[in-house]
Amino acid sequence: MVERRPVMTVVAHLILILGVMVVAFPLFVTLIASTQTAQQIVQQAPMSLLPGSNLIETYRIALFGGQTGYGSRIAPVAPMLWVSFVSAITIALGKIVISLLSAFAFVYFRFPGRMLCFWMVFITLMLPVEVRIGPTYEVVSNLGLLNTYAGMTVPLIASATATFLFRQFFLTVPDELLEAARIDGAGPMRFFFDVLLPLSATSIAAIFVIQFIYGWNQYLWPLLVTTDETRYPIVMGIRRMISGGDAANEWNVIMATAILATIPPAAVVLLMQKWFVKGLVDTEK
Amino acid sequence: MGALSFRNVVKDYGIAGRSNRVIHGVDVDIRDGEFIVIVGPSGCGKSTLLRMVAGLEEVTAGEIRIGDRLVNDVEPADRDIAMVFQNYALYPHMSVFDNMAYGLKIARVPRSEIEARVRRAAAILEIGDYLDRKPRQLSGGQRQRVAMGRAIVRQPQVFLFDEPLSNLDAKLRVQTRLEIQKLHRELGITSLFVTHDQVEAMTLAQRMIVMNRGVVEQIGTPEDVYLRPRTTFVAGFMGSPPMCLYPVQVQGLVARCHGLSLNLTQAPPAQGELIMGWRPEHAVPGTSGWPMQVELVEMLGAERLVHGRLGDGVCVVRIEAGATVPAAGQTIHLQVAPGHLHWFDPRTQERIGS
């Protein structure tokens, strides 16, 4: 009960249900739309909220391409899913590796210019890819990395947020652990791999989820560096299906593609959730 | 072999030498197999000294030798030492077995040898049943034993203990203290034990190093330190309740202090301004003697502590539980045998006489 007034409980529940509906309703509509045919969507205004019977056909066309009832050619989405997946994984793993090593350097080593480097990393938080898009494009183009996975992922790999998160975590590791490892004869890299990395597993899981979704959602940068249709990530694919002007849009296929685009990040979050919880339940000392 | 020696060891923190000197020239020789306790209040430099032996702190000046080898610039792993930390410092993600084996694994000791050593140490410490568990599944006392096991398997020349009992509860502390003594008797490895607890120091030490503010006040056996403290600091630090220390004016056989004239049965080693001290258990209540106003009596079980005033100064006397209990407000008369009186020079704070 809220403040011992049952009315408040009802009100609280209503507000929460409203919130859930605001978030979930669009997804629901998308899913329903992907089960109908394009004619059904367009002809019935407002669109029927009952599932249609076109589910398999719609998803088949979306994934593998083909001719639709309207006669338009749909590019297969499956390769785009793969491109998105590869670049998201590359970005996430790349960010983790680089941030782990730089946080390790900042916390456990003394070197001239250490604080300067640290503040420089901090300042790059003000430089998301959108700000530096011109020069970055020029460099990538000069290196001949257009239309490649490298061109899509490398400029996005350095991460200040991940570095800070790992740094904060490393600062919580007790000094005695390092001293015990030193007495045991572990050098810095040995300590890194044998002690620090296993202890960081939950932080790594958390950062992986965040960065995977970040990489998956990248739109502006892939738009610039790819011209080859086979190298488009799925978020670009969705956009390209919506052709402005006279041509009729195959809304059911577009909705199906949107659903397909949300599945992998959702899967990653659900899978990694176990790791999060595991790390929270087993309090290490 | 496992002997340890300090030659004028000095430690400064900060730049330009004299900024912050925490250890002022320590000179000690420790024999092979000795159990040495470094005891002193917080901030006296005892942990810093231990860490310099371990190699975790730099030596500003002076020499530290382990078994005749100068180790000032040697890496901790190469000094042939093992350390037990106050917070155990076990690797949380490794099993007990892996925790103990880690150092040996890095040293590329063959697998069979590692197994043998770990199992032997586990048997000595009775943790054989826990070898597959993780540290978070163990109690504090068990974790400390694993930490000791990790030290034992290295078969070092010197054991270093950094206040290992401070994180344990009182009962466990006594138990682990006995285990450490047993271990020392069995293995006979030179040990350096740091603590702020004088009971631990008295019970464990073969010899004690009493430190205060970076200076060694006295080195000696527990008896030496307790019965013949070299300075007023040692006199007041060792023993609980602490020694009563009074500044007195001695003329002939009369000591004047706190507004009282106390009669002495024997002439003290010097006259004039002195500091007189005696331990609570050496003041015997009787029919005649120094008058003490009783304020409070504490019951400890096997004995009682009588708190009161001698003139203007406070005083504590220890009496047997069976003896007559004085009431608050009563005046009792104390006698202290001359052999139990300690005399100190008020300027140097050092002991006068034997």
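Laboratory data are not the source of any read-out in this text; all were calculated from the coordinates shown. Just so we're clear, the structure is a prediction, and the values are computed from it rather than from any experiment. Heads up, the Cβs are rebuilt from the backbone with ideal geometry, glycines too, and the neighbour counts pull from every protein chain shown.
So the values come out like this:
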item: Peptide ranges B:150-160, A:109-119 listed from the most packed, as the mean C-beta count within 10 angstrom indicates; result: B:150-160, A:109-119
item: Kirkwood Rh, Cα atoms: Rg over Rh of the stretch B:33-175; result: 0.97
item: Cα centroid of the stretch A:146-213 to Cα centroid of the stretch B:93-121, whole Å; result: 27 Å
item: Largest-first ellipsoid semi-axes for the stretch B:43-115, taking √(5λ) over the Cα gyration tensor eigenvalues, angstrom; result: 27, 17, 8
item: FRET E, pair B:Leu227, B:Gln330, Förster distance 30 Å, beta-carbon r, rounded to 0.05; result: 0.45
item: Viscosity 0.692 mPa s, temperature 37 °C, Stokes-Einstein D of the stretch A:1-144 from Kirkwood C-alpha radius, µm²/s; result: 152 µm²/s
item: Partner chain coverage, peptide B:98-104 - average Cβ within 10 angstrom; result: 3
item: Ratio Rg/Rh, restricted to the stretch A:1-48 and using Cα atoms, in which Rh is the Kirkwood radius; result: 1.32
item: In degrees, nearest ten, helix A:55-64 long axis to first principal axis of chain A (Cα); result: 60 degrees
item: Projected area averaged over orientations for the stretch B:7-90, convex hull of C-alpha atoms, nm²; result: 6.3 nm²
item: Flagged links, alpha-carbon separation over 31 Å, of B:Lys11/B:Lys105; A:Lys95/A:Lys274; B:Lys11/B:Lys182; B:Lys11/B:Lys171; A:Lys274/B:Lys134; B:Lys46/B:Lys182; result: B:Lys11/B:Lys105; B:Lys11/B:Lys182; B:Lys11/B:Lys171
item: P(r) tail fraction, chain B - alpha-carbon pairs more than 38 Å apart, %; result: 31 percent
item: For the protein assembly as shown, diffusion coefficient by Stokes-Einstein and Kirkwood Rh (Cα), 37 °C, 0.692 mPa s, µm²/s; result: 103 µm²/s
item: Net +/- balance of residues flanking A:Ala12 in space, Cβ distance below 14 Å, scoring K and R +1, D and E -1; result: +1
item: The stretch B:179-239 versus the stretch B:275-328: alpha-carbon centroid distance in Å; result: 27 Å
item: Chain A: calculated mean residue ellipticity at 222 nm from DSSP helix runs of at least 4, using -39500 (n - 2.57); result: -21000 deg cm²/dmol
item: Folded to 0 to 90 degrees: helix A:251-281 orientation relative to chain A principal axis, Cα; result: 30 degrees
item: Gain on full stretching of the segment that runs from A:Gln168 to A:Tyr219 - 0.36 nm per residue minus C-alpha separation; result: 15.3 nm
item: Chain A: angle of helix A:114-123 to the longest principal axis, Cα-based, in degrees nearest 10; result: 10 degrees
item: Once the Cα gyration tensor of the stretch A:163-247 is diagonalised, semi-axes √(5λ) in Å; result: 46, 12, 9
item: From the C-alpha gyration tensor of the stretch A:76-207, square roots of 5λ in Å; result: 33, 19, 12
item: For the stretch B:119-274, alpha-carbon Rg relative to the globular expectation (2.2 N^0.38 Å, N residues); result: 1.46
item: Rg and Dmax [Cα atoms of chain A; Å; Rg one decimal, Dmax integer]; result: 24.2, 76
item: Average other protein chain Cβ within 10 Å of Cβ, residues B:83-89; result: 5
